[in-house]
Amino acid sequence: MCQTQLGKLQKRLKEVEATGAAAFAVSIDRPEAARKLRQNFNLTFPILSDSKMEVTRAYQMKGERMEMSDMGYVIIDRQGIIRGRRIDRSFADNLKNVLDILGQLRTAS
């Protein structure tokens, strides 16, 4: 997982939460590694372990070149419908895209 992008997401987490959304990360690392990452970088959002890559495959976030997940985001509404998905190695730098979609969902509900 890209520690830089997770740190940037943490800095803007309140903006995400202000839309009524929750943020979490999914990692193919073991749970112990995710726990250390949260502690070392003071991350307040959950990091879920997906060591068998079931979630990664289900949301089509598997990298094409390697047996690992790609970085990006998936936006799922309260009914479980995917409203946005993008492979984006700089997802936190491009958080405006996510916030725009979340704002539209909030306005529509």
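The C-beta contact set for segment 1-28 (first residue without any contact (Cβ under 8 Å) to a residue 40 or more places away in the chain and among the basic types (Lys, Arg), second residue buried (at least 16 other Cβ atoms within 10 Å of the Cβ) and in a loop (DSSP other than H, G, I, E, B), distance under 7 angstrom, 6+ apart or interchain) is empty. Looking at Arg89, Arg83, Arg35, just one residue is out of contact with any Cys (no Cβ under 8 Å at 6 or more places or on another chain) and under 15 Å from Cys2 (Cα atoms), and that residue is Arg35.
Considering every residue within segment 59-71, establish whether at least one is in a strand (DSSP E or B) and at pLDDT below 90. Yes, some residue in segment 59-71 is in a strand (DSSP E or B) and at pLDDT below 90. Criterion applied to Ile81, Ile47, Ile75 was being surrounded by fewer than 16 Cβ atoms within 10 Å (Cβ to Cβ) and without any contact (Cβ under 8 Å) to a residue 60 or more places away in the chain, and the one residue passing it is Ile81.
Counting only residues that are under 13 Å from the mean Cα position of the chain (by Cα) and of a type in the set (D, E, K, R), segment 73-103 holds 5 of them.
The values are calculated or read from the model by the stated rules, or taken from the named source; none is laboratory data. Predicted model, so just to flag it, every value in this text is computed and none were measured. Cβ: placed from backbone, ideal geometry, glycine included. Neighbour counts: every protein chain shown.
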